[in-house]
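All of the numbers you see were taken from the coordinates with simple rules; none came from a lab. Computed from a predicted model, the values in this text were never measured in an experiment. Cβ atoms come from the backbone with ideal geometry, glycine included; neighbour counts cover every protein chain shown.
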Amino acid sequence: MAETFTARRDPLLHRLPVISHFRKSMGLQRGMLVTGIVLTAAFLLTAALAPLLSPYGFAERFDTQQPPSSAHWWARRPAATTCSPG
């Protein structure tokens with residue numbers, strides 16, 4: 001009599017890549033895996049909540065950039081005192 005051998009398969013949840021790697025890991029390897037998962041989740045959560053975290057649109061919050069003027073300390077020097085090539 002030939003008995004057929006059927007391999008018992010793990011449930012789908014245990015075969016998922018992240019879950020299976022987590023179950024096989026230990027020590028520093030598991031710590032690094034968990035740290036990577038947490039950081040990735042934090043970045044994805046920040047990206048998903050970006051409209052709530054920053055309610056202003058691009059260039060909506062600040063005025064457009066003005067050219068340098070003498071009202072500021074770091075203003076460009078007048079053309080007569082700048083070095084011109086050639």
Across the stretch 10-25, in residue order, what do the Karplus-derived ³J(HN,Hα) couplings come to in whole Hz, using 6.51 cos²θ - 1.76 cosθ + 1.60 with θ = phi - 60° and x for Gly and Pro? 5, x, 4, 4, 7, 8, 4, x, 5, 5, 5, 5, 5, 5, 8, 7
Local electrostatic count at Arg23 - Lys and Arg +1, Asp and Glu -1, tallied over other residues with Cβ under 12 Å: +2
Ranked list, fewest to most other Cβ atoms within 10 Å of each Cβ, for Phe22, Phe43: Phe43, Phe22
For each of His21, His14, count neighbouring Cβ atoms within 10 Å of the residue's Cβ, then give the residues from fewest to most. His14, His21
